[in-house]
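S.K.: For reference, the structure I am asking about is given below.
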Amino acid sequence: MTATDTIPPDSPAPEPHGRPADTVMHRIGLLVRDARRHRGLTQAELAERLGTSQSAIARIEQGGQNLTLDLLGRLSEALDSELFSVGPAGPTHLRVTGGTPLRGSVAVKSSKNAAVALLCAALLNRGRTTLRNVARIVEVERILDVLRSIGVSATWDASGRDLTLVTPDELDLAGIDADAARRTRSVIMFLGPLLHRASRFELPYAGGCDLGTRTVQPHMIALRPFGLEVEAHAGWYSATVGATRSADRTIVLTERGDTVTENALLAAARADGTTTIRNASSNYMVQDLCLYLQLLGVGIEGLGTTTLTVHGQPVLDADVDYTISEDPVEAMSLLTAGIVTGSELTVTRTPIEFLEVELAVLAEMGLRYSLSPEYRADNGHTRLADVTIRPSELRAPIDKVHPMPFPGLNIDNLPFFAVIAAAASGSTLIHDWVYDNRAIHLSDLTRLGADVRLLDPHRVLVAGPTRWSSAEVVCPPALRPAVCILLAMLAARGTSVLRNVDIIARGYEHLYERLVEMGARIEVFHD
Ligand SMILES: CC(=O)N[C@H]1[C@@H](OP(=O)(O)OP(=O)(O)OC[C@H]2O[C@@H](n3ccc(=O)[nH]c3=O)[C@H](O)[C@@H]2O)O[C@H](CO)[C@@H](O)[C@@H]1O
Ligand SMILES: C=C(OP(=O)(O)O)C(=O)O
């Protein structure tokens, strides 16, 4: 059915007395109008997306048009906003019937962590930034909500994958959506760009997964050479930006963190002179950010190394298109799904250079896999390959599995090794020195029959192989452990229930649907 089938362009609007201000249609009309304005669209632009006329949109917004469910669905899609939902709103749960192998192939989507960094980086550009292949995940929506609340225009294209951002000359920093900001840690990356825009501003405390205390001190230390001083009080950071003495600066990061490196890069991009960042992270999201900044005209040497030299440009004004590269953590999640279900499965577009240590450890554990010839991601840089895994007899690695900053084993990939270790024979020691609270969440695997012993908050001992059994588990409040439980449920015979899975949408797009396409039996339900 086409839009013109459901919105006859010439159908007369009902008489005003037929649509009092509080009718459902009138309220939906207001919702449509607000969502359209929020997306920065004119009535004519929305009409074009729906293949209808501007007058039809005007009638809808006035509550004078009968709406079919089909049209409401397409309006929601065109406005990139769920205008209505049927049934009680509440947490999402999964019913997983496991114990059967997956099959076929699945492509890796772009990364959450690069997306959020690039969204923050768009604040530096006076011109238009188009980010291509952006993951449609809640974390991206949260940062977009914050950006829009301060006046940035952000519009998805008709395919819903490419996002165009334009930052106004004046930002409405007082209007910041504090609620959205508090739910993401990435808002900390507003500090670097904003110190060039205002001499005083406030940001809400950054949130994120429940992984224990996550320090922000390295960010403060890294940004001090740019004149930034931050005081924390009552849930807000109060930032003041003073003059700096020297044009050239060397910053030695006290931790090789990803977002702290990104913050230093964001500050250096528009700072006069040359900034040298030592002990920089060279992880995938940092590389994506460097490539974007280079497109904007910032000179950066040392991409992929731990010393970055940045030649700042006080004005960045370019219309640029950048395609975000594939997510190594999503790739690891999909590989784990195949490994623990004993499947033959191909994961295409795997950012292989960010999974080399992971694959080397898996090879030691007996995983049989093959790689396609390498090819480049659409950012022109990242090395990709298709990885095909085969059912394998896994054994525990001799040494402990532990993360390190890139090129070590990715910190966010570590939890997946707990599920894999549970499927392997022997005892595997997993040492998460990074997060105080992430390893604890892995003990939920015991609910599904795994032998996972928490030795201390940072170390778990996993003994396998596990005879997985189905269970009902409430999702842990941490993204990767939550996905680990889901993957273990795919391995467990019988029907398991995973409750409150909304956290998974923070970092994964259509994960259940994609697993179902590979043969998984997952049903989504609400209370
Ligand atoms: C949006 C984003 O990109 N998030 C990623 C980013 O978060 P982010 O950059 O915020 O990571 P943090 O700064 O919180 O670092 C993670 C933890 O590692 C510790 N630490 C880190 C480096 C170091 O050299 N020494 C050290 O002790 C920190 O104190 C902290 O406890 O990096 C983390 C570590 O890769 C990933 O889990 C997150 O997915
Ligand atoms: C810890 C993570 O991310 P964030 O920094 O967004 O909390 C993660 O991706 O697992």
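A short reminder: the numbers here are calculations on the coordinates, not readings from a lab. Computed from a predicted model, the values in this text were never measured in an experiment. Here the Cβ is made from the backbone with ideal geometry for all residues, glycine too, and neighbour counts use every protein chain on show.
S.K.: Tally Lys and Arg at +1 and Asp and Glu at -1 over the other residues with C-beta under 11 Å from the C-beta of VAL361: what net charge comes out? If you can, show how the numbers build up before the last one.
M.R.: Numbers: positive: LYS400; negative: GLU356, GLU358, GLU364, ASP399.
Around VAL361, the surrounding residues sum to -3.
S.K.: Going highest first, how would you order 228-236, 47-55, 137-145, 332-340 by mean Cβ packing within 10 Å? Display every interim value, and only then the final one.
M.R.: Values: 228-236: 12.6, 47-55: 18.2, 137-145: 21.7, 332-340: 27.7.
Final packing ranking: 332-340, 137-145, 47-55, 228-236.
S.K.: Want the number for ARG368 to THR215: 0.36 nm per residue separation, take away the alpha-carbon distance, what's left? Present the calculation step by step, with values, prior to reporting the outcome.
M.R.: Numbers: separation 153, 0.36 × 153 = 55.08 nm, distance 3.91 nm.
Computed gain between ARG368 and THR215 is 51.2 nm.
S.K.: I need the shape label for the range 449-498. Rule: rounded when a/c is under 1.5, else prolate if a/b > b/c, else oblate, with a, b, c from the alpha carbon gyration tensor.
M.R.: Details: a/c = 2.40, a/b = 1.26, b/c = 1.91.
Taking the square roots of the gyration eigenvalues as a ≥ b ≥ c, the range 449-498 is oblate.
S.K.: Bin width 5 Å, origin at 0, all Cα-Cα pairs of the range 398-441: what percent of pairs per bin?
M.R.: 5, 22, 33, 25, 12, 3
S.K.: Please say if the range 182-284 is rounded, prolate or oblate, where rounded means a/c under 1.5 for a ≥ b ≥ c the square roots of the C-alpha gyration tensor eigenvalues, and otherwise the choice is prolate for a/b larger than b/c and oblate otherwise?
M.R.: Values: a/c = 2.03, a/b = 1.22, b/c = 1.66.
Since a/c reaches 1.5 but b/c is at least a/b, the shape of the range 182-284 is classed as oblate.
S.K.: Given that compact globular proteins tend to follow 2.2 N^0.38 Å, what is the ratio of the alpha-carbon Rg of the range 282-328 to that value? The partial results should precede the final answer.
M.R.: On the way: Rg = 11.1 Å, N = 47, 2.2 N^0.38 = 9.5 Å.
In units of the 2.2 N^0.38 Å rule of thumb, it is 1.17.
S.K.: Work out how much length VAL24 to ARG499 would gain on full extension: take 0.36 nm times their residue separation and subtract the Cα-Cα distance, in nm to one decimal. Provide the component values of the computation, followed by the final result.
M.R.: On the way: separation 475, 0.36 × 475 = 171.00 nm, distance 3.28 nm.
Length gained, VAL24 through ARG499: 167.7 nm.
S.K.: Also, quick follow-up: Can you give the Kirkwood hydrodynamic radius for the range 386-527, in Å, rounded to one decimal and based on Cα pairs? Don't skip to the end; give the middle numbers.
M.R.: Details: mean 1/r = 0.0641 Å⁻¹.
Taking every pair of different Cα atoms in the range 386-527, averaging 1/r and inverting gives 15.6 Å.
S.K.: Which value in nm describes the separation of the simple spin-label points at GLU513 and ASP172, placed 7 Å from the Cα toward the beta carbon?
M.R.: Modelled inter-label distance: 3.2 nm.
S.K.: Could you calculate the contour length gain from ASP378 to HIS233, that is, 0.36 nm times the residue separation minus the distance between their Cα atoms, to one decimal place in nm?
M.R.: Values: separation 145, 0.36 × 145 = 52.20 nm, distance 4.29 nm.
Extra length from ASP378 to HIS233 when fully extended: 47.9 nm.
S.K.: If the chain were replaced by its equivalent ellipsoid, with semi-axes equal to the square roots of 5 times the Cα gyration tensor eigenvalues, what would those be, largest first, whole Å? Walk me through the numbers on the way to the answer.
M.R.: On the way: eigenvalues 293, 223, 85 Å².
In descending order the semi-axes read 38, 33, 21 Å.
S.K.: Let a ≥ b ≥ c be the square roots of the eigenvalues of the Cα gyration tensor of the range 112-323; is it rounded (a/c under 1.5), or, if not, prolate (a/b larger than b/c) or oblate?
M.R.: rounded
S.K.: So, one more: Among DSSP beta bridges lying fully in the range 400-527, give the percent that are antiparallel, nearest 5. Don't jump to the answer; show the numbers that get you there.
M.R.: Values: 11 of 16 bridges.
Expressed as a percentage, antiparallel bridges in the range 400-527 total about 70.
S.K.: What nm value, rounded to one decimal, do you get for the distance between THR240 and ARG395 when each label is placed 7 Å out toward the C-beta?
M.R.: About 6.4 nm, to one decimal.
S.K.: Using only Cα atoms, locate the centre of the range 256-316 and the centre of the range 346-372, then give the distance between them in Å, rounded to an integer.
M.R.: Here the two parts' Cα centres lie 29 Å apart.
S.K.: Here is a follow-up. Counting pairs of Cα atoms in the range 321-414, how many percent are more than 19 Å apart? Write out the running numbers ahead of the final one.
M.R.: On the way: 1729 of 4371 pairs.
So the pairs more than 19 Å apart make up 40 percent of the total in the range 321-414.
S.K.: What area, in nm² and to one decimal, does the C-alpha convex hull of the range 215-263 cast on average over all directions?
M.R.: Values: hull surface 15.1 nm².
Approximately 3.8 nm², given one-decimal rounding.
S.K.: Report relative contact order for the chain in percent, whole number only (criteria: Cα-Cα under 8 Å, sequence separation at least 6).
M.R.: Numbers: 1161 pairs, mean separation 89.6, N = 527.
So the answer I get is 17 percent.
S.K.: Ok, one more. Taking 56 Å as R0, compute the FRET efficiency from the Cβ-Cβ separation of GLU255 and ARG37 and round it to 0.05. Can you show the working numbers first?
M.R.: Numbers: r = 42 Å, r/R0 = 0.75.
Between GLU255 and ARG37 the formula returns 0.85.
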